[in-house]
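Peer 1: Provided herewith is a single structure, encoded as structure tokens, for subsequent inquiry.
The values are calculated or read from the model by the stated rules, or taken from the named source; none is laboratory data. None of the values given here were measured: they were computed from a predicted structure. Ideal geometry is used to build each Cβ from the backbone, glycine not excepted, and the neighbour counts take in all protein chains shown. Calculation scope for accessible area: heavy atoms of the full protein, side chains included, ligands and nucleic acids excluded. Shrake-Rupley method; radii C 1.70, N 1.55, O 1.52, S 1.80 Å.
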Amino acid sequence: MASTDPSRMPVIIGVGQISDRTEVPEPTSFDLTLAALRRAEEDAGTRCLDRLDTLELVRQNSWPPAEDMGARLAATLGSPPRRPPVVHTAHGDIPIRLINDAANR
């Protein structure tokens, strides 16, 4: 049964998207992901990347060492999330499933 407690209501506070337009010569998936996170923080209108609860990523086929990306991002953002970063196998429905799972938590 869904909670009606307003303090438990899931809310998306910011979104960010990056398209590789070669502004940076050969950016890595790490560079693009970090830029998207920073745009999401800007969209949220408040500093929040240093207070993440969860950092879940979808494996990037174009950048094989993506399994290390979660830990690298957490270190770059300045504070580890409360839950260890997770990199999920690439699949078409993973991003929406991650949003659903987060809302259910």
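Peer 1: Send over the semi-axes of the chain's equivalent ellipsoid, whole angstrom and largest first, taken as the square roots of 5 times the C-alpha gyration tensor eigenvalues.
Peer 2: Square roots of five times the eigenvalues give 25, 16, 14 Å.
Peer 1: What value, in deg cm²/dmol to 500, does the helix sum -39500 (n - 2.57) over DSSP H runs of n ≥ 4 give at 222 nm once divided by the residues of the chain?
Peer 2: For the chain, the value works out to -10500 deg cm²/dmol.
Peer 1: Can you give me the % of accessible surface on the chain that is carbon or sulfur? Probe 1.4 Å, all protein chains present, nothing else counted.
Peer 2: Heavy-atom surface of the chain belonging to carbon and sulfur, 1.4 Å probe: 52 percent.
Peer 1: Amide H of V58: which non-local residues (sequence gap of 5 or more, or other chain) have their own amide H closer than 5 Å, using H built in the peptide plane?
Peer 2: Here the answer is H88, since their amide H atoms fall under 5 Å of that of V58.
Peer 1: Quick check on packing: order 50-57, 98-105 by the mean number of other C-beta atoms within 10 Å, highest mean leading.
Peer 2: Ranking, from highest mean packing down: 50-57, 98-105.
Peer 1: Would you mind getting the accessible area per residue of the chain, heavy atoms of the protein chains only, 1.4 Å probe, in Å²?
Peer 2: Here the residues of the chain average 72 Å² of exposed surface.
Peer 1: What does the highest-first list of 82-95, 32-45 look like by mean Cβ count within 10 Å?
Peer 2: Listed from highest to lowest mean packing, they are 32-45, 82-95.
Peer 1: To continue, here is another question. What's the FRET efficiency of I18 with R83 using the Cβ-Cβ distance as r and R₀ = 22 Å, to the nearest 0.05?
Peer 2: 0.35
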